[in-house]
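First comes the structure, then the notes that go with it.
The values are calculated or read from the model by the stated rules, or taken from the named source; none is laboratory data. Because the structure is a prediction, the values reported are computed rather than measured. Glycine gets a Cβ as well: all are built from the backbone with ideal geometry, and neighbour counts include every protein chain shown. To get the accessible areas, we keep the full protein, side chains included, count just its heavy atoms, and leave off ligands, DNA and RNA. Shrake-Rupley method; radii C 1.70, N 1.55, O 1.52, S 1.80 Å.
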Amino acid sequence: MEYARRIQNLPPYLFAEIDKMIAKAKAEGVDVISFGIGDPDQPTPDNVVNKMIEAVQDPSTHSYPSYEGMYEYRKAVADWYKRRYQIELDPETEVVSLIGSKEGIAHLPFCYINPGDVALVPDPGYPVYKTSTLLAGGKPVMMPLKKENDFLPDLTKINKDDAIAAKLMFINYPNNPTGAVADMDFFKQVIEFAYKYDIVIAHDAAYSEIGLDGFQPPSILQIDGAREITVEFNSLSKPFNMTGWRIGWAIGGENIVESLGRIKTNIDSGIFEAVQYAGIEALNNSGDSIEKMIKLYERRRDLLVAGLKKLGWKVEKNKASFYLWVEIPEGYTSADFSAEVFKKTGVFLTPGIGYGSEGEGFIRIALTVDDKRIKEALTRLEKNNLIF
Ligand SMILES: *Cc1c(COP(=O)(O)O)cnc(C)c1O
């Protein structure tokens, strides 16, 4: 049987190979320390877990949920935006619930991309922007994120024909994998570009609550006129250590939110209502759990950056997210470097090439490992002379 062309065109998933390599080493008894995991190692806050237990015991949550999300959940999202950014949203028309933001990101191209249409996609980047464009029959055109440009796309370098053919642009700040941040000035340029070429902007704000050293990442919806042409994705996954729960949202222009909702109602049937009650609890009563999380990532980052600098590695502190994006020594590809470090030490660092060709020359280090293991990893690097 032949696969449909749409999946024949999907690039192979590099990280599947990596998982195999790690599993094999573990089976052989290697004590692996993996900095590859983009998933918080801390538990979901107790108040959220307790709300979930209570909600599961209530039979009214056991039926099919509403497609677009419970009104109370969408209201909690709108209230959160009001508190966090002073943005007013109509929970009925400008908020839609998602089964994790990945789900919404993956469905968005079905709303705006006809076969052959262009989506502008950051490179390096979260793989879903590109693959969802391909699944919708579109053509991803990569926007390089260069170090000399603070890992922001240079909009003046986008080919004019591509800009005209583009229906969608994906951006993601704070950024995975580079840890880079965007300011209001950059968002303003993006919105001007979008109006000029009639493009929908999809901003993935999954790390909006992980600003370090007091930095508060902005929302693109804070730009005047952004709402009509923008969808912003966010999620409870990273701020509340809820990656397994599958709950997120999209906000933005009424038409965009409606179109995403229309696709979704034909594919899924919404989020388990008990999970939505837990989500409401997280958004309304998170107390100091976010502050604690930020302190934790700051401490781990400082420990790693200081240790790696001592070994001569070219590493700078990230201003947000839980990723360090580190330049590798000359003479290696990122895959070779990652493999050599792993072979010598059992420490896994993700090769940048996995996030796109512009990721070559870098490795990503996730701060999802505790202090003790960070120190152990640094000791192993030093002992094995991985000093540059
Ligand atoms: C983790 C992550 C997400 C969030 O995924 P969920 O589906 O909400 O769990 C989205 N975008 C990026 C860039 C991420 O790293």
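Taking the condition outside the structural domain of D19 (by TED's automatic domain parsing) and either open to solvent by 50 Å² or more (accessible area, probe 1.4 Å) or closer than 18 Å to G179 by Cβ (or both), does F362 pass? In short, no. Scan segment 209-244 for residues that are surrounded by 23 or more Cβ atoms within 10 Å (Cβ to Cβ), over 19 Å from R299 (Cα atoms) and within 11 Å of the ligand (Cβ to nearest atom) and the total you get is 5. In segment 38-52, of all residues being assigned to a loop (DSSP other than H, G, I, E, B) and surrounded by 13 or more Cβ atoms within 10 Å (Cβ to Cβ), the one that is farthest from the ligand (Cβ to nearest atom) corresponds to P45. Checked against (1) modelled with pLDDT under 95; (2) farther than 23 Å from V32 by Cβ, A339 passes all but a single condition, namely (2).
Restricting attention to segment 125-139 and to residues that are under 23 Å from G179 (Cα atoms) and in contact with a strand residue (DSSP E or B) (Cβ under 6 Å, 6 or more places away or on another chain), the residue that is most open to solvent (accessible area, probe 1.4 Å) turns out to be K130. Only one of the numbered conditions (1) in a loop (DSSP other than H, G, I, E, B); (2) open to solvent by 30 Å² or more (accessible area, probe 1.4 Å) is not met by K75, and that is (1).
Sub-7 Å Cβ pairs linking a first residue in segment 123-143 that is of a type in the set (V, I, T) to a second residue that is away from the ligand (no atom under 16 Å from the Cβ) and not in a strand (DSSP E or B), at least 6 apart or interchain, are T131/L10; T133/I113; V141/D162, ordered by first then second residue. Selection within segment 94-123: residues that are in a loop (DSSP other than H, G, I, E, B) and away from the ligand (no atom under 16 Å from the Cβ). The member of this set that is most open to solvent (accessible area, probe 1.4 Å) is P115.
All of (1) open to solvent by 20 Å² or more (accessible area, probe 1.4 Å); (2) part of a loop (DSSP other than H, G, I, E, B) hold for I353 with one exception: (2).
Of the residues K75, K51, the single one that is touching a helix residue (DSSP H, G or I) at 6+ places or on another chain (Cβ under 8 Å) and over 30 Å from K344 (Cα atoms) is K51. In the set I256, I271, only one residue is assigned by TED's automatic domain parsing to the domain that holds S97, over 19 Å from A205 (Cα atoms) and crowded, with 22+ Cβ neighbours inside 10 Å; that residue is I271.
The residue of segment 124-143 that is nearest to M242 (Cα to Cα), among those that are within 16 Å of the ligand (Cβ to nearest atom) and assigned to a loop (DSSP other than H, G, I, E, B), is Y126.
Residue count for segment 245-268 under the criterion of being in contact with a strand residue (DSSP E or B) (Cβ under 8 Å, 6 or more places away or on another chain) and within 12 Å of the ligand (Cβ to nearest atom): the result is 4.
On the stretch given as segment 174-207, residues that are assigned to a loop (DSSP other than H, G, I, E, B) and touching a residue at least 60 places away in the same chain (Cβ under 8 Å) total 11. Looking only at residues of segment 147-179 that are of a type in the set (S, T, N, Q) and open to solvent by 50 Å² or more (accessible area, probe 1.4 Å), we find that the one that is farthest from T368 (Cα to Cα) is N159.
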